[in-house]
1. For the range 221-271, which positions are without any contact (Cβ under 8 Å) to a residue 12 or more places away in the chain, farther than 17 Å from Phe143 by Cβ and charged (D, E, K, R)?
2. Name the one entry in Gly64, Gly53 that is among the small types (Gly, Ala, Ser) and within 14 Å of Ser226 (Cα to Cα).
3. Write out, first by first residue and then by second, each pair whose Cβ atoms fall under 9 Å of each other, whose residues are 6+ apart or on separate chains, and whose first residue, in the range 173-198, is closer than 19 Å to Ile85 by Cα while the second is aliphatic (A, V, I, L, M) and not in a helix (DSSP H, G or I).
4. Any idea which of (1) surrounded by fewer than 19 Cβ atoms within 10 Å (Cβ to Cβ); (2) of a type outside the set (S, T, N, Q); (3) over 15 Å from the mean Cα position of the chain (by Cα) is the one Phe158 doesn't satisfy?
5. Residues that are modelled with pLDDT of 90 or more, at least 1 per element: which helices (runs of 4 or more DSSP H) completely within the range 159-240 meet that?
6. Could you tell me which of the residues Trp129, Trp31 is aromatic (Phe, Trp, Tyr) and surrounded by fewer than 16 Cβ atoms within 10 Å (Cβ to Cβ)?
7. Scan the range 94-144 residue by residue and report those that are among the β-branched types (Val, Ile, Thr), in contact (Cβ under 8 Å) with a residue 24 or more places away in the chain and under 17 Å from Leu167 (Cα atoms).
8. Could you pull out the residue among Gly138, Gly175 that is out of contact with any helix residue (DSSP H, G or I) (no Cβ under 6 Å at 6 or more places or on another chain) and among the small types (Gly, Ala, Ser)?
Amino acid sequence: MLSGLSPAQKGIFLAIAGFSAFAVSDTCAKWLSQTYSIEAAIAYISLFSVLCGVLASPLLGGLGRTIGTKKKHIHLGRAVSNVFIAFFVVQAFAHLPLTTVYTILFLAPFIVTLLAIPVHGEKVSPRHWLVIAAGFSGILVAFPPGTGSYNLWVLSAFAATFFIATLGLLARKLGPDETVLSLSLYPSSLAALVFLSMALWQGAYPSLSDLPIFMLGGIMVTMGLSCIGHAFRISRYAVVSPFNYLQMIWALIFGAVLFRDAPESNMLLGAAIIIGSGLTLILMERNGRRRQASSPSSL
């Protein structure tokens, strides 16, 4: 179905599918956290994600090639980051509206840009610094200081954002030889191992009526990690990243329909500032690469 598309078009298609899948898996986790512990919700979603990846392995590069990778240390780093992401994100979703959590998570591109300075030696221009500052100012609008907005659950979302940025930075070190399966199998496997041991110790097991939700969450996690990871490998960051903000649209829909959430005006305004700044940062990156490609030195 994608054979006739350009790499950029394939990346866009995969990004839409991947970010939408994450919105569904996040909604499943929030729904399940109303009945199960955070550990149990993560454990069984991750377990089904692993099973989904193994079953789909022939289409995703093969289980043998995935296990035989020479970059296990990078995959381990991504897997550890994912354990922290899962815990902090689900904890935040369990106590906050979807739109509130996504407003904070949308800071990840700015944190990636900042961390890329010491990690990858990248340079940030004064204009980039202004856009980054504008993006962070959106948090002050969404969560005004002195209003008691910064509770434990909000701080959990901030912590998750840092590890999401770390996951993205580590992904840059994975070349095209890595299978698509590896992008989801390693993170999901470690999360399943860590949290399943906790869930079993708690005596928490999924009920038959909730199994479809756990399964859907697991399938969507595998789909999200695989689609987005592959999209970033075949298309430029500036092409794929804007579709991250689709999750806010899904959050508004799922939040209103399933959880009766009505975001406050300052939250929507703060999210708009962060999204606008993020799109500006991506556009600046795109234009910068175009100028670099068309400069005489690059010919």
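1. Hit for the range 221-271 is Arg260, nothing else.
2. Values: Gly64 fails: within 14 Å of Ser226 (Cα to Cα).
Of the residues listed, the single one that is among the small types (Gly, Ala, Ser) and within 14 Å of Ser226 (Cα to Cα) is Gly53.
3. Here the result reads Ser182/Leu60; Ser182/Leu174; Leu183/Leu60; Leu183/Leu174; Ser184/Leu60; Leu185/Leu60; Met198/Ala204, each pair linking the range 173-198 to a residue that is aliphatic (A, V, I, L, M) and not in a helix (DSSP H, G or I).
4. (3)
5. Numbers: elements: 180-202, 211-234, 237-240.
Answer list for the range 159-240: 180-202, 211-234.
6. Details: Trp31 fails: surrounded by fewer than 16 Cβ atoms within 10 Å (Cβ to Cβ).
The match here is Trp129.
7. Taking the range 94-144 and keeping what is among the β-branched types (Val, Ile, Thr), we get 99-101, 103-104, 111-113, 117, 119, 124, 131-132, 139, 141.
Now narrow it down to the ones that are in contact (Cβ under 8 Å) with a residue 24 or more places away in the chain: 99-101, 103-104, 111-113, 119, 131-132, 139, 141.
Result: Ile104, Ile111, Val112, Thr113, Val119.
8. Working: Gly138 fails: out of contact with any helix residue (DSSP H, G or I) (no Cβ under 6 Å at 6 or more places or on another chain).
After ruling out the rest, the residue left standing is Gly175.
The values are calculated or read from the model by the stated rules, or taken from the named source; none is laboratory data. Everything numeric in this text was worked out from a predicted model, so none of it was measured. Every residue, glycine as well, gets a Cβ built from its backbone with ideal geometry; the counts of neighbours run over all protein chains shown.
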